[in-house]
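Working notes, beginning with the structure itself.
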Amino acid sequence: MNIGEKHQMLVVCINRLKCSTCARDAYEYIPFATGKQRYTHRLVHCMIMLLEKMSIRDVAGYLNLSWDTMVAPAQRTGPV
């Protein structure tokens, strides 16, 4: 994501946990992302705010994201 002239990237290592009792696998809880999302809640909020004023293509270009990354957040806002 670009902020001003600087490119920002967040790299997070998520640990896979294994229950010693039932041998079930689980992943560490990350409060700023849900499930298998590849973007944070804050980025989704930014996308939604921009989608109120811009097209999906324009927001994707501004944030330097692919168009298909914008589909899920765009569906939350309704028709643009």
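Specify which of the listed residues (TYR39, TYR29) is hydroxyl-bearing (Ser, Thr, Tyr), at pLDDT below 80, surrounded by fewer than 12 Cβ atoms within 10 Å (Cβ to Cβ) and on the phi < 0 side of the Ramachandran plot.
TYR29
Give the residue that is modelled with the highest pLDDT, with candidates limited to residues of the stretch 58-80 that are surrounded by fewer than 11 Cβ atoms within 10 Å (Cβ to Cβ), assigned to a helix (DSSP H, G or I) and not polar (S, T, N, Q).
ASP68
Quick one: LEU17 ticks every box in (1) farther than 17 Å from THR69 by Cβ; (2) in a loop (DSSP other than H, G, I, E, B); (3) modelled with pLDDT of 85 or more bar one, so which box is it?
LEU17 satisfies every listed condition except (2).
So if I check each of MET54, MET49, which one is part of a loop (DSSP other than H, G, I, E, B), surrounded by 10 or more Cβ atoms within 10 Å (Cβ to Cβ) and either among the basic types (Lys, Arg) or at pLDDT 85 or above (or both)?
The match here is MET54.
The values are calculated or read from the model by the stated rules, or taken from the named source; none is laboratory data. Since the model is a prediction, treat every value here as computed from it, not as a measurement. Don't worry about glycine lacking a Cβ; one is built from the backbone with ideal geometry, like all the others, and counts go over all protein chains shown.
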